[in-house]
Amino acid sequence: MKHFFNRREDIVTEALDGLLLTSAPGHLARLDTYPAIKVIVRADWDKAKVAVISGGGAGHEPSHVGFVGKGMLTAAVSGDIFASPSVDAVLTAIRAVTGTPGCLLVVKNYTGDRLNFGLAAEKARAEGFKVEMVIIADDIALPDLPQPRGVAGTLFVHKIAGHLAEAGQSLEMVADAARAAAADIVSLGMSLSTCSIPGQAHEDRLGPDEGELGLGIHGEPGVERIALREAAALVTTMAKRLAASIKSGGKQALLINNLGAVPPIEMGVIAKAVLDSPLADRIDLIIGPAPLMTALNMNGFSLSLIKLDAAREAALTSAVAPRAWVAPTKRHGLAVLPAPRRPNGDARGPNGDEATAADPAVVGRLLEAVCGKLIALEPELNRLDAKTGDGDTGSTVATGARSVLALLPTLPLGSPAATSAAIGEALGTTMGGSSGVLLSIFFTAAARKFAEGAGAGPALAAGLDRMTFYGGATPGDRTMVDALAPALAALASGDLAAAAAAARAGASATGGMTRAKAGRSAYLAAHDLEGVSDPGAEAVAAAFEAAAAAG
C-alpha cells in the first residue's frame, strides 16, 4: 500500500501539528513535551470545571485529538499508531488540565489503555488530584469475550461527559452519567479490508469476495468472514445483531462511522440501508455518516447505538467547538417536491403535424437491437475507457440504452419527430456526463428537423451539426464524432450497412490518434492514447452495426 508521509517516526507528531495549524487560533495547543509525550489541550482552559480527558493510539483520527474543544474533550493523549500512550503521557495531561473540580478519564477497553490510564489515575490521586475513570466496552462483535473492545460508541461518552462538564456539573455527576451511558451503548463494525500502517508491509487476509463482520479498529479479526453481498443485506445482518444486543427499550441515537476509506457515495448507500432496516423504527437521532473513529485506511464502517432520554438528547445535540463532531439530526422522512411540468404541448416532443412518417415495427426493432447491443457492451466499453479515463463510458451508455428500452412501449414509433424528442429527453435526464448532454442535443435537434418534414438523412445531419456546435468536437478530434460523422454521410444514400462500415472505420481510426482536441482525452499525454480507440466512437460504431444487422 502507498501512503503520504515523510518519516515513519514523525507521522503522528506532524499530523498533530497539522491539526493545530489548521484549527482556529486560540482554541487548541500542544504541550512542549514532543515527541515522547503527545498531548493536545484546550488553549482557553482555566481549570474551573471538570476536565474530560481521553486518548489512545494514533490512527483513529479524528479521534481523539479532533474532539478537543469546548463542549467535548479538555485534552487528548496520543500514542504512536495503534499504541497506547504511556503512563507519563496520561499523567502529564492530567496535571496540565485538572483543577479543583477534578477530571474524568474516558478509556476504550484495551489492555494497554486500561493499564496506562489506570496507573496514571492512581499516581494522580496520590498527588492530590480528583480523578474518575470510565471504561467503554461497546463492541458486540464477540459476545463471549470477557472484555469487549471499546470502539466508536466511545464518542457518545465524549459528547455527554463534555456537555455536562461544560455545564458546570460535579465530577461525581459527570462520571455517573458517563458510566450509565457506557452501559447503554452497543456497536458493530463491518469491513471489506484490513488497514495498512504507513511504512510497514501489508497483507490483507480477506479475499476479493469476502468481508469481515466485527473487525476491530486496529485490524483485529472479527467474529466471522462473510461473502460479499449487496449493502442492504450486509446492513440487515448488522441491524439484527445490534437489535438483539440492545439492553433496554426506547428510542436510540445512531452513529454511522466511516472507518477510513469508504467513499462518501457508499456511506450514503449505507445510511439509507440502515434507515430502511428493521432497526430504523428504534432510531430517533442520527449522527453521521462521517469518519469519527477511523482505523487508518480501513474500507469499512461501524454502527453504534445508545438509548436516548431527554438528558442524553440535550447533551448530544448541544453545540460544540470541535469541527470533527457532526451535529445530529432527527430521523425524518424524505422530502419530495413535484418537478415543474412543461407549460404546454406534448411533454414527449414538439407539436404540430409532420410530413415524415415511419414504420413503427421497423423503428421498434432497430431501437431494441441498438439498445441491447450497447447494454451488452457495458463491461468492454468500461474496460476501454479505464485506459484513458475513469472507466464509466460503458455504464453511462448502458444507462441511456436502458432508459430508451423502458420508454419503448409508450414511444410514438410512427412519428420520427416525437420519438427523437422523447429519446433526447430521456438521454439528457438519465445518462449524465457530457455524453448524455451531447446525445440529447443530437436527438432534440433532429426531432425539430423531422417535425419540419425532413427525412432521416437531413434530420440526423442537423442533429450532428448542433452537437458539434455546442460540444466543439469535429472529425479528427478523437471523439464519438469520428464515427458518427462518416456514418451519417454514408447514411445519406439510405444504406445502413455502408453507414455501419463507415462508423467502424471511423472508430478504428481513433486508435491511431494520439492528440485529442476535445473530450476528456484532451487532458492526456500522447503515450496514454496510443493504440486505444475512443470508447464513445466504439459505442457509435456498435450501434450502427446493430441497426444494420436488424434492418
Restricting to segment 123-156, name every residue that is among the polar types (S, T, N, Q) and within 16 Å of ALA177 (Cα to Cα).
THR154
Only one of GLY394, GLY453, GLY436 is in contact (Cβ under 8 Å) with a residue 40 or more places away in the chain and part of a loop (DSSP other than H, G, I, E, B). Can you tell me which?
GLY453
Just to verify a result, which residue in segment 130-148, among those that are open to solvent by 50 Å² or more (accessible area, probe 1.4 Å) and in contact with a helix residue (DSSP H, G or I) (Cβ under 6 Å, 6 or more places away or on another chain), is farthest from ALA239 (Cα to Cα)?
LYS130
Please specify each residue of segment 296-321 satisfying the condition of being part of a loop (DSSP other than H, G, I, E, B), of a type outside the set (A, V, I, L, M) and more than 16 Å from LEU164 (Cα to Cα).
ASN297, ASN299
Residue list for segment 70-97, filter: surrounded by fewer than 24 Cβ atoms within 10 Å (Cβ to Cβ), out of contact with any Asp or Glu (no Cβ under 6 Å at 6 or more places or on another chain) and in a loop (DSSP other than H, G, I, E, B):
LYS70, PHE82, ALA83, SER86
So which of GLU224, GLU313 ends up being open to solvent by 40 Å² or more (accessible area, probe 1.4 Å), more than 21 Å from the chain's Cα centre (by Cα) and modelled with pLDDT of 95 or more?
GLU313
Filtered residues of segment 245-266 (kept if aliphatic (A, V, I, L, M), within 22 Å of the chain's Cα centre (by Cα) and buried (at least 18 other Cβ atoms within 10 Å of the Cβ)):
ALA253, LEU254, LEU255, ILE256, LEU259, ALA261, VAL262
Based on what the data block shows, is LEU242 under 22 Å from HIS163 (Cβ atoms) and touching a residue at least 40 places away in the same chain (Cβ under 8 Å)?
no
For segment 397-413, enumerate the residues that are part of a helix (DSSP H, G or I), open to solvent by less than 40 Å² (accessible area, probe 1.4 Å) and without any contact (Cβ under 8 Å) to a residue 60 or more places away in the chain.
ALA398, GLY400, ALA401, SER403, VAL404, LEU408
Going by the structure shown, is ALA417 out of contact with any Asp or Glu (no Cβ under 7 Å at 6 or more places or on another chain), open to solvent by less than 10 Å² (accessible area, probe 1.4 Å) and aliphatic (A, V, I, L, M)?
no
Among (1) touching a Lys or Arg at 6+ places or on another chain (Cβ under 8 Å); (2) open to solvent by less than 10 Å² (accessible area, probe 1.4 Å); (3) under 21 Å from HIS218 (Cα atoms), ALA124 falls short only on (3)
Residues located in segment 420-433, provided they are surrounded by 17 or more Cβ atoms within 10 Å (Cβ to Cβ) and either at pLDDT 90 or above or not hydrophobic (A, V, I, L, M, F, W, C) (or both):
SER420, ALA421, ALA422, ILE423, GLY424, GLU425, ALA426, LEU427, GLY428, THR430
Being over 19 Å from GLY162 (Cβ atoms) and of a type in the set (A, V, I, L, M) narrows it down to one residue among ALA89, ALA93; which is it?
ALA89
For segment 255-274, give me the residue count where each residue is touching a residue at least 40 places away in the same chain (Cβ under 8 Å), in contact with a helix residue (DSSP H, G or I) (Cβ under 7 Å, 6 or more places away or on another chain) and under 18 Å from VAL326 (Cβ atoms).
3
Conditions first: (1) under 29 Å from GLU220 (Cβ atoms); (2) among the small types (Gly, Ala, Ser); (3) without any contact (Cβ under 8 Å) to a residue 60 or more places away in the chain. ALA141 passes all but one, so which condition is the exception?
(3)
Scan segment 458-470 and give yes if some residue there is open to solvent by 40 Å² or more (accessible area, probe 1.4 Å), over 21 Å from ALA358 (Cα atoms) and without any contact (Cβ under 8 Å) to a residue 12 or more places away in the chain, otherwise no.
yes
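The values are calculated or read from the model by the stated rules, or taken from the named source; none is laboratory data. Nothing here was measured: the structure is a model prediction, and the numbers come from that model. Every residue, glycine as well, gets a Cβ built from its backbone with ideal geometry; the counts of neighbours run over all protein chains shown. Only protein heavy atoms, including side chains, enter the accessible area calculation; ligands, DNA and RNA are left aside. Shrake-Rupley method; radii C 1.70, N 1.55, O 1.52, S 1.80 Å.
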